[in-house]
1. Dipole of the chain, Cα-centred, from +1 at each Lys and Arg C-beta and -1 at each Asp and Glu C-beta, to the nearest 20 debye?
2. Could the peptides 98-106, 257-265, 115-123 be put in order, highest first, of the mean number of other beta-carbon atoms found within 10 Å of their residues?
3. What order, most packed first, do the peptides 162-172, 53-63 have when packing is the mean number of other Cβ atoms within 10 Å of each residue?
4. Could you tell me which residue out of 246, 271, 234 lies farthest along the dipole of region 229-286 toward its positive end? Charges go on the beta carbon: Lys and Arg +1, Asp and Glu -1, centred on the Cα centre.
5. How would 156, 41, 70 line up from fewest to most surrounding beta-carbon atoms within 10 angstrom?
6. Based on other C-beta atoms within 10 Å, arrange 286, 316 from fewest to most.
7. At 222 nm, what helix-only mean residue ellipticity would the chain give, in deg cm²/dmol to the nearest 500, using -39500 (n - 2.57) for each DSSP H run of four or more?
8. How far, in nm, would the chain grow between residue 254 and residue 5 when pulled straight, counting 0.36 nm per residue and subtracting the alpha carbon separation?
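Read-outs: derived from the displayed coordinates by stated rules, not from any lab. No experiment lies behind these values; they were computed from the predicted model shown. So basically every Cβ, Gly included, is an ideal-geometry build from the backbone, and we count neighbours across all protein chains shown.
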Amino acid sequence: MDSEATKQAEIKLLYDMLAIRRFEEKAQQQYQMQKIGGFLHLYIGQEAVAVGSVAGTKHDDYLITAYRDHGHALARGMGMNEAMAEIFGKATGCSKGLGGSMHYFDRKNNMMGGHAIVGGHIPLGAGLAFASRYRGEDRVTLCYMGDGAINIGSFHEALNMAGLWKLPVIFICENNQFAMGTAATRSNPLKEIVDRGAGYNMQSLIMDGMDVRKVRDTIADVCGKIRKDPQPYWIEARTYRYRGHSMSDPGTYRTKEELEKHKKDDPITQFKAVLIKEGLLSEEDFKRMDTEIKALAAASVKFAEESDEPAEEEVFRYTTVETDTSYKPIPTRPETSKENPFHC
């Protein structure tokens, strides 16, 4: 990669993190104005995890996450318009207005959804990786979860099968310090969350989730290893959220001093300073970038407001499978071989 391409790739990391931040701030504003119903879980503070990890993957790789999903979807290429329209419950949303904040899907970008049930998506992440290896595809699945999900039964079942079958999946625990309002130190018997991987014979590591470059480089390295030697990885990404669990959470379980301490590690302001120091960005460049992104966020609200509500007949349309003559079944099981570890 030449120097100009490298520069643009570095600037894009900052751009994508800032886009998530401004989108979330605009969504928060609209929620407070009662234009958004249901739940709203903001990703503010954790942007480096989604942006960095996506930058370390190929577009064909699968992503699946929990309900704090806006950042992952935007990082993977979803437009602000369809993202905001979904929160507004409009037909132009990424899930046609039927999913809302916790159910972002983007098939074209292999974003296989945000999922509302705590830990419920983790077996699906293992399933995506199973399908990839079964079909002989060069794909890695990134399965994100919060620290609260690692005490759910489905977590243990999914990691057990992934470890047994050597599935090409990276389980990423976004340890933002709190499972709703309960500190991770009060809900886990293990001192270090990263140690959970040892029970499933998984390669495990800790990642600085506030440093976008470290996240990108770590995920790129792990993906490279998995493509050569399929196996699951367990990663604890240490990060922090600056808002409450959801919009209904005032976050009174932590002190103002604690919050201010973690804000000094803000992934956006940190990386902005790094790029300026390296001569890849100026303060004026950043201001222009910020102005552009704020305009896009504001335009997404206008788009959502002007979009149509889903038609009444759409409500039950996606609850059952419709006949599709273009459907092609999954290829039959390959012949017994060393490359087919699932043959019975």
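1. Working: 44 positive and 49 negative charges, 123 e Å.
Computed charge dipole of the chain: roughly 600 debye.
2. Details: 98-106: 21.6, 257-265: 12.1, 115-123: 19.9.
Going from most to least packed, we get 98-106, 115-123, 257-265.
3. On the way: 162-172: 23.6, 53-63: 20.6.
Listed from highest to lowest mean packing, they are 162-172, 53-63.
4. Checking the options against the dipole of region 229-286, the answer is 246.
5. Working: 156 16, 41 22, 70 29.
Lowest count first: 156, 41, 70.
6. On the way: 286 18, 316 8.
So the residues, fewest neighbours to most, are 316, 286.
7. Working: 11 runs with 144 residues, N = 344.
Estimated from H runs of four or more residues: -13500 deg cm²/dmol.
8. Values: separation 249, 0.36 × 249 = 89.64 nm, distance 4.21 nm.
Contour length minus the Cα-Cα distance gives 85.4 nm.
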